[in-house]
Amino acid sequence: MLVPGEAGMFLRRYCRTKDGKTHTYYALVESVRTEAGPRQHVVAYLGELNHDQERRWQRTVVFHNRQGEDRQLRLFPDAEPVSVPDDPDVVQIRLDSVGWTNARRFGDVWLSLWLWKFLHLDEIVGRHVPQGKETVRPADIVAIEVINRLCAPCSEFALAEHWYRSTALEDLLGVPDSAVTKDRLYRTLDRLLEAQQAIENDLKNQFGRLFQLDYDLLLYDLTSTYFEGLAAENELARRGYSRDHRSDCQQIVLALIVTREGFPLAHLTLAGNTQDLQTVERIVTTIEARFGKSQRVWVMDRGMISEDTLKFLGRSGRRYLLATRRGELAAFADHLGAGGWQRLPDNPDVEVKLLKRKRVHYLLARSRPRRQKERAIRRRQRHGLARSLAKLQKRIEEGRLKSRDKILESVGRLKGRFPKARSFVTITVSKTKPARMSYGWLREKFRAALAADGAYLLRSNQGGWSAEEFWETYIQLTVVEHAFRVLKSELLLRPIWHHYSGRTQSHVLVCVLAYALWKTLDHLAKRAGLETEIRKPDPRRGRAAPKPRPMTPEVILRELGQIAIGDILLETTDGQKLALRRVARPMAEQKRILGALGLEIPERLSQDRIL
C-alpha cells in the first residue's frame, strides 16, 4: 500500500506456468491519486527476470524524490525485504525523470500485419513483385499501403509525411521512416499493377486452403466511384451512371466478383461510361480463362440482363440466376393475384412462388417491407404532383399563364420532379388562345401498379432448387453490395485523386487487398463468436434495450488501435539514461478481443538500451 509522500511507481510481479515451468514477469506500475482513492495501472511490461536479477534490482535501486532526499523503495512489494549493502554497482534512479515518450499506434497495425502474413500475402506479393536493386522490399511497401488503407486511409503523400512514423510499423517491418517516400510508394504501385492477376490467383488458392471455400457460386455486381478534379489525363475517367449520385464528376466503374461468403475473387477497373451489359461476357470469359469452366452458377442483378446476355450465359453449360427487369412482371400478372404463395420460414415478410416456362425456371417473390416502401414513395409523389397540377391549372384559369409553350414547359418540369407518378396521369394542353390545360388519372394503371408493389421476378436455367433455395441464392447478392459499402466508406475507395489510369487501377487493387484483410478479420471474428458488450443495460427499456451484436472489423481495429508502443525513460544519478521500449498493457476489452481471436500482444519488440 502506498503512503502519502512515497513514490508513485513500483514493480509488480506476475507468475505464469507453462509446460510445467514457472515464469516470472515484471511490470512497471504507476499509482495515480483520484477522487475515489489511489488507482494503479500498468505502464509497461519489463519482461522476465530470473531470481538473481530480481535480487539485484531489489538490492540496488534507490529513488531520489523531488526534494532531493534519498529513499529506498520496495520495488517488489510481495517479496521479503532485503537490506541494501554498500555496493559500488548500485544503480540509483531519479524518480522525477521517469517518463513515457515516443508513443505510437501499435495494436491495429500489428493486427493488420498479422492478417497480411496469415494470408501469406507477404510471400505472394514478394514472389510476383520481387526485389531488384531496391534497398527496401517492394512487398513491405505494398504491406504499408494496404495496412494504411485498412487502419487509417490517406493519400500517399500523407502516408509518407505523417502516418507511417506515427505507427509501430518501423519496428514491426524494419523499414526506416526515411525510406518511405511518396515516390517510392508510387513506383511500387506501378509494379504491383503488373502482378494483379497472379496475386489474385494465388490469393484465391490461399482462401480455399484457409477457409475451405467452394467456388460453385459466384456473385457479380458493378459499382462506380468518382474523381475529385478534372482527371483530364486519365483514360478511365468518363461520365456515366453514378451510383454515388455525383453526376457532376467523372468516374470509373468497378466490377467485383466475390464468393458466397464475401471473399474477393477478382476485379476489373473499367472506364466510367461502361454499360453494365457490356461487362458480362468480358467478366465471365476472363474468370473461365483464369479458373476454368467449372459448373458454377453466376448470380447477377437486373442491370445485366438482355437477350444477348441470356444467349451467352445459356451456352457451354453455363448456369445463371438473374433478376428480370420490372416490365417482365406484366407477363405474370395473373399469378400475382392467384394463390399458391409460400411464406419463407426464416423470413415471414417474404412470399414466393416457383414457376416454370419451357426450360426456364422463374421465382415470383413479394416482400411486405418492399411493398410498403414503394407505396410510400408513390403516394408522396402522387400527392405532390396532384397539388402542383392544381396550382398550375389555377394560374392558367386566372390568366397569369397564357402561353402554350410556357404551360408545356411547366408540365415538363413537373414530370421531371415527380417521375414515380407521371405515368399515372394524362395531361392535355389545348392549342387555343388562351391555352387551357386538363388532366386525368389512369385508375386501372394505378390499380395494376398496386398489385405489383413489392413484387419482383427471378429467372434461372438451374433446376432442382426449392423456392426457398432459389430466393436465398439471389439474396446473397447483398454480400457484394456490402463489400462495395466497405470499400467506399471504410477503406475510402472514393473519391479518387490520381491523375493517371495506371495509378487509379493500383489504388483500386490496394483497396481490394485491404478488403481481403477486412473480410478475413470479419470471418475470424464471427467464427470466434466475438460480440460487442453492453456495459450499461437499461432494464426500464425491456425488450427494446440494446442487445449484443457481432463485432465488426471496424470496432476491433478501433479498440486495438488504442494500444500504443513507446519508450520508458529512466535517468540514473550519474547521468546515464535508460530507454525501455515497451508495448502498453491491453485493457479488459482489448484482452477479450485478443483472447477470442487467439492472439497475444508481444511485450517488447527490441532490446533495452542505454541512450
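The values are calculated or read from the model by the stated rules, or taken from the named source; none is laboratory data. Every value quoted in this text rests on a predicted model; they were computed, and no experiment measured them. All Cβ positions, glycine included, derive from the backbone under ideal geometry; neighbour counts span all protein chains shown. Just so you know, the surface numbers come from the protein's heavy atoms only, side chains and all, with ligands and any DNA or RNA stripped out. Shrake-Rupley method; radii C 1.70, N 1.55, O 1.52, S 1.80 Å.
Report the normalised scattering of region 513-611 as log10 I(q)/I(0) at q = 0.19, 0.25 Å⁻¹, calculated by the Debye formula with identical scatterers on the alpha carbons.
Log-scaled intensity ratios, in q order: -0.98, -1.27.
In the full protein assembly as shown, how much of residue 151 is accessible to a 1.4 Å probe, in Å² to the nearest 10?
Estimated to the nearest 10 Å², residue 151 gives 30 Å².
Beyond 32 Å between alpha-carbons counts as too far, so tell me which of 182/204; 406/445; 373/547; 488/526; 358/519 fall in that bin.
Cα-Cα > 32 Å for 358/519; rest within.
Considering only protein heavy atoms and a 1.4 Å probe, what is the carbon-and-sulfur percentage of the accessible area of the chain?
48
Size of the dipole of region 383-526 about the Cα centre, Lys and Arg at +1 and Asp and Glu at -1 on the beta carbon, nothing else charged, in debye to 20?
1460
Positive end of the dipole of the chain, charges at C-beta (+1 Lys, Arg; -1 Asp, Glu), about the Cα centre: which of 229, 478, 534 has its Cα farthest in that direction?
478
How would 248, 308, 221, 19 line up by accessible area, probe 1.4 Å, largest first?
If we order 248, 308, 221, 19 from most to least accessible, we get 19, 308, 248, 221.
Amide H of residue 436: which non-local residues (sequence gap of 5 or more, or other chain) have their own amide H closer than 5 Å, using H built in the peptide plane?
For residue 436, the qualifying residues are 430.
Could you go through region 258-266 in sequence order and give the Karplus-derived ³J(HN,Hα) for each residue, using 6.51 cos²θ - 1.76 cosθ + 1.60 with θ = phi - 60°, rounded to whole Hz, and x for Gly and Pro?
After applying 6.51 cos²θ - 1.76 cosθ + 1.60, I find 10, 7, 4, 7, x, 6, x, 9, 7 Hz.
Please calculate the 1.4 Å probe accessible area of residue 506, with all protein chains present, and give it to the nearest 10 Å².
The accessible area comes out at roughly 0 Å².
Could you tell me which label, among (i) 43; (ii) 38; (iii) 56, carries the value of percent of Cα pairs over 36 Å apart calculated for this structure?
(iii)
Please turn the phi angles of region 510-518 into ³J(HN,Hα) values with the Karplus equation 6.51 cos²θ - 1.76 cosθ + 1.60 (θ = phi - 60°), one per residue in order, whole Hz, x for glycine and proline.
Karplus values, whole Hz, x for Gly and Pro: 4, 5, 5, 5, 5, 5, 4, 5, 4.
Taking amide H atoms as placed 1.01 Å from N in the peptide plane, list the residues 5 or more away in sequence, or in a different chain, whose amide H sits under 5 Å from that of residue 273.
Amide H neighbours of residue 273: 238.
Can you list the residues, at least 5 places off or on another chain, whose amide H is less than 5 Å from the amide H of residue 120, using H built in the peptide plane?
Correct list: empty.
Might you report the magnitude of the Cβ-based charge dipole of the chain about its Cα centre, with Lys and Arg at +1 and Asp and Glu at -1, to the nearest 20 debye?
The dipole magnitude comes to about 5240 debye.
Would you mind counting up the charge near residue 134? Only other residues with Cβ under 14 Å from its Cβ, with Lys and Arg at +1 and Asp and Glu at -1.
Here the charged neighbours net out to +2.
Could you give me the ³J(HN,Hα) list for region 211-220, computed from phi with Karplus coefficients 6.51, -1.76, 1.60 and θ = phi - 60°, whole Hz, x at Gly and Pro?
Calculated HN-Hα couplings, in order: 10, 6, 7, 10, 10, 7, 9, 10, 9, 10 Hz.
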